[in-house]
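Okay, so here's the structure we're looking at.
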Amino acid sequence: MVDGRIRVRMPWNDLGPPQNSKFEMAYSRMLSSEKSFQRKNCSSQIQKEIDKLVEQNFIKEIPSEEVNHQELEWYLPIHVVFTPDRSTKVRLVFDTSAKGPDGKSLNEYLEKGPNYINSLSNVLIAWRFDRVA
(Lines give C-alpha, C1' and ligand atoms only; values in the text may rest on other atoms or scores of the structure.)
Protein backbone atom coordinates (compact mmCIF):
# COMPACT_ATOMS: atom_id res chain seq x y z
CA MET A 1 0.00 0.00 0.00
CA VAL A 2 1.12 3.53 -0.77
CA ASP A 3 -0.64 6.47 0.91
CA GLY A 4 -3.57 4.24 1.87
CA ARG A 5 -4.04 2.96 -1.69
CA ILE A 6 -3.29 -0.42 -3.14
CA ARG A 7 -0.60 -0.24 -5.81
CA VAL A 8 -0.16 -3.05 -8.31
CA ARG A 9 2.46 -3.64 -10.98
CA MET A 10 1.56 -3.37 -14.61
CA PRO A 11 1.18 -6.79 -16.28
CA TRP A 12 3.71 -6.21 -19.08
CA ASN A 13 3.84 -8.65 -21.96
CA ASP A 14 7.06 -9.69 -23.74
CA LEU A 15 7.43 -6.21 -25.33
CA GLY A 16 7.07 -4.10 -22.21
CA PRO A 17 7.59 -1.87 -20.51
CA PRO A 18 7.83 0.76 -23.26
CA GLN A 19 11.27 2.21 -23.85
CA ASN A 20 10.38 5.82 -24.70
CA SER A 21 8.15 8.59 -23.40
CA LYS A 22 4.83 9.47 -25.04
CA PHE A 23 4.88 13.04 -23.74
CA GLU A 24 4.93 14.79 -27.13
CA MET A 25 1.97 12.77 -28.43
CA ALA A 26 -0.09 13.35 -25.27
CA TYR A 27 0.81 17.06 -25.20
CA SER A 28 -0.16 17.66 -28.83
CA ARG A 29 -3.47 15.81 -28.26
CA MET A 30 -4.09 17.99 -25.19
CA LEU A 31 -3.57 21.21 -27.17
CA SER A 32 -5.88 19.97 -29.92
CA SER A 33 -8.53 18.97 -27.38
CA GLU A 34 -8.35 22.33 -25.63
CA LYS A 35 -9.12 24.12 -28.90
CA SER A 36 -12.07 21.81 -29.46
CA PHE A 37 -13.38 22.44 -25.92
CA GLN A 38 -13.17 26.19 -26.44
CA ARG A 39 -15.14 25.93 -29.71
CA LYS A 40 -17.80 23.84 -27.95
CA ASN A 41 -17.82 26.22 -24.99
CA CYS A 42 -17.37 23.41 -22.45
CA SER A 43 -13.91 24.13 -21.02
CA SER A 44 -15.25 24.96 -17.54
CA GLN A 45 -17.16 21.65 -17.28
CA ILE A 46 -14.07 19.69 -18.28
CA GLN A 47 -11.85 21.65 -15.89
CA LYS A 48 -14.20 20.70 -13.03
CA GLU A 49 -13.81 17.00 -13.92
CA ILE A 50 -10.03 17.36 -14.12
CA ASP A 51 -9.99 19.12 -10.73
CA LYS A 52 -11.94 16.19 -9.23
CA LEU A 53 -9.31 13.73 -10.51
CA VAL A 54 -6.50 15.90 -9.11
CA GLU A 55 -8.25 16.10 -5.70
CA GLN A 56 -8.57 12.33 -5.62
CA ASN A 57 -4.87 11.94 -6.56
CA PHE A 58 -5.74 9.94 -9.69
CA ILE A 59 -3.80 12.42 -11.82
CA LYS A 60 -1.26 15.12 -11.09
CA GLU A 61 -0.04 18.20 -12.86
CA ILE A 62 3.57 18.05 -13.94
CA PRO A 63 5.22 21.45 -14.43
CA SER A 64 6.95 21.65 -17.83
CA GLU A 65 10.38 22.10 -16.22
CA GLU A 66 9.98 18.71 -14.47
CA VAL A 67 9.21 16.75 -17.63
CA ASN A 68 12.08 14.37 -18.31
CA HIS A 69 11.90 12.99 -21.86
CA GLN A 70 14.61 10.43 -21.12
CA GLU A 71 12.72 8.77 -18.25
CA LEU A 72 10.44 5.82 -18.94
CA GLU A 73 7.10 7.44 -18.20
CA TRP A 74 3.83 7.02 -20.03
CA TYR A 75 1.61 10.03 -20.60
CA LEU A 76 -2.00 9.26 -21.48
CA PRO A 77 -4.06 11.60 -23.62
CA ILE A 78 -7.60 12.23 -22.41
CA HIS A 79 -10.66 12.52 -24.53
CA VAL A 80 -14.13 13.54 -23.40
CA VAL A 81 -17.41 11.70 -23.78
CA PHE A 82 -20.55 13.84 -23.58
CA THR A 83 -23.76 12.10 -22.48
CA PRO A 84 -26.34 14.84 -21.89
CA ASP A 85 -29.16 12.36 -21.17
CA ARG A 86 -27.31 10.72 -18.22
CA SER A 87 -26.50 11.93 -14.72
CA THR A 88 -22.79 12.05 -15.61
CA LYS A 89 -22.93 14.53 -18.48
CA VAL A 90 -19.17 14.78 -19.04
CA ARG A 91 -16.83 11.82 -18.67
CA LEU A 92 -13.06 11.90 -19.12
CA VAL A 93 -11.58 8.82 -20.79
CA PHE A 94 -7.87 7.98 -20.76
CA ASP A 95 -6.92 6.84 -24.26
CA THR A 96 -4.65 3.83 -23.76
CA SER A 97 -5.03 2.88 -27.43
CA ALA A 98 -3.37 6.11 -28.64
CA LYS A 99 -0.27 5.27 -30.66
CA GLY A 100 3.02 6.96 -29.89
CA PRO A 101 5.91 7.79 -32.21
CA ASP A 102 6.97 4.12 -32.26
CA GLY A 103 3.53 3.17 -33.62
CA LYS A 104 2.56 1.26 -30.46
CA SER A 105 -0.05 2.00 -27.81
CA LEU A 106 0.06 1.25 -24.09
CA ASN A 107 -2.46 -1.54 -24.69
CA GLU A 108 0.06 -3.30 -26.96
CA TYR A 109 2.61 -3.47 -24.13
CA LEU A 110 0.18 -4.92 -21.57
CA GLU A 111 -0.68 -8.58 -21.13
CA LYS A 112 -4.19 -9.45 -22.27
CA GLY A 113 -6.60 -10.89 -19.72
CA PRO A 114 -9.45 -13.32 -20.29
CA ASN A 115 -12.54 -12.20 -22.18
CA TYR A 116 -15.54 -12.30 -19.83
CA ILE A 117 -18.09 -11.07 -22.36
CA ASN A 118 -20.65 -13.71 -23.32
CA SER A 119 -20.58 -14.55 -27.00
CA LEU A 120 -23.83 -13.78 -28.81
CA SER A 121 -24.00 -17.24 -30.36
CA ASN A 122 -23.79 -18.92 -26.92
CA VAL A 123 -26.54 -16.67 -25.57
CA LEU A 124 -28.83 -17.44 -28.54
CA ILE A 125 -28.16 -21.18 -28.27
CA ALA A 126 -28.89 -21.10 -24.53
CA TRP A 127 -32.32 -19.58 -25.27
CA ARG A 128 -33.27 -22.69 -27.19
CA PHE A 129 -33.18 -24.80 -24.01
CA ASP A 130 -36.17 -23.06 -22.37
CA ARG A 131 -39.71 -22.49 -23.60
CA VAL A 132 -39.55 -18.76 -23.03
CA ALA A 133 -36.50 -16.64 -23.75
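Considering only segment 18-30, state which residues are within 17 Å of the chain's Cα centre (by Cα) and modelled with pLDDT of 80 or more.
Step one: list which residues in segment 18-30 are within 17 Å of the chain's Cα centre (by Cα), which gives 18, 21-30.
If the condition is that a residue be within 17 Å of the chain's Cα centre (by Cα) and modelled with pLDDT of 80 or more, then Pro18, Lys22, Phe23, Glu24, Met25, Ala26, Tyr27, Ser28, Arg29, Met30 are the ones that fit.
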Looking at segment 105-117, which of its residues are exposed (fewer than 10 other Cβ atoms within 10 Å of the Cβ) and either in contact with a Lys or Arg (Cβ under 6 Å, 6 or more places away or on another chain) or not aliphatic (A, V, I, L, M) (or both)? Lys112, Gly113, Pro114, Asn115, Tyr116
Return the residues of segment 13-35 that are within 15 Å of Val80 (Cα to Cα) and surrounded by 14 or more Cβ atoms within 10 Å (Cβ to Cβ); say none if nothing qualifies. Ala26, Arg29, Ser33
Among residues belonging to segment 93-104 that are surrounded by 15 or more Cβ atoms within 10 Å (Cβ to Cβ) and among the small types (Gly, Ala, Ser), point out the one that is modelled with the highest pLDDT. Ala98
Have a look at Val90, Val80 and point out the one that is in contact with a Leu (Cβ under 7 Å, 6 or more places away or on another chain) and surrounded by 14 or more Cβ atoms within 10 Å (Cβ to Cβ). Val80
Pairs, first under 19 Å from Ile59 (Cβ atoms) in segment 32-48, second among the aliphatic types (A, V, I, L, M) and assigned to a helix (DSSP H, G or I), C-beta under 6 Å, six or more apart: Phe37/Ile46
Name the pairs whose Cβ atoms lie under 6 Å apart, with the first residue in segment 104-133 and without any contact (Cβ under 8 Å) to a residue 60 or more places away in the chain, the second surrounded by 10 or more Cβ atoms within 10 Å (Cβ to Cβ) and charged (D, E, K, R), and 6 or more positions between them or separate chains? Ser105/Lys99
Residues of segment 49-69 being in contact (Cβ under 8 Å) with a residue 24 or more places away in the chain and either loosely packed, with under 10 Cβ neighbours inside 10 Å or under 12 Å from Leu92 (Cα atoms) (or both), in sequence order, are Glu49, Ile50, Leu53, His69
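Name the single residue, out of those in segment 21-77 being among the aliphatic types (A, V, I, L, M) and touching a helix residue (DSSP H, G or I) at 6+ places or on another chain (Cβ under 7 Å), that is farthest from Ser105 (Cα to Cα). I'd like the intermediate steps shown before the answer.
First, the residues of segment 21-77 that are among the aliphatic types (A, V, I, L, M): 25-26, 30-31, 46, 50, 53-54, 59, 62, 67, 72, 76.
Filter once more, so that each one left must be touching a helix residue (DSSP H, G or I) at 6+ places or on another chain (Cβ under 7 Å): 46, 59, 67, 76.
On the way: Ile46: 25, Ile59: 19, Val67: 20, Leu76: 10 Å.
The qualifying residue farthest from Ser105 (Cα to Cα) is Ile46.
Check segment 118-133 and report whether any residue there is closer than 30 Å to Arg5 by Cα, loosely packed, with under 10 Cβ neighbours inside 10 Å and either at pLDDT below 85 or not hydrophobic (A, V, I, L, M, F, W, C) (or both).
Checking segment 118-133: not a single residue is closer than 30 Å to Arg5 by Cα, loosely packed, with under 10 Cβ neighbours inside 10 Å and either at pLDDT below 85 or not hydrophobic (A, V, I, L, M, F, W, C) (or both).
Identify all residues within segment 70-89 that are of a type in the set (A, V, I, L, M, F, W, C) and touching a residue at least 40 places away in the same chain (Cβ under 8 Å); write none if there are none.
Leu72, Trp74, Leu76, Ile78, Val80, Phe82
The values are calculated or read from the model by the stated rules, or taken from the named source; none is laboratory data. What you see is a predicted model; the values in this text were computed from it and never measured. Ideal geometry is used to build each Cβ from the backbone, glycine not excepted, and the neighbour counts take in all protein chains shown.
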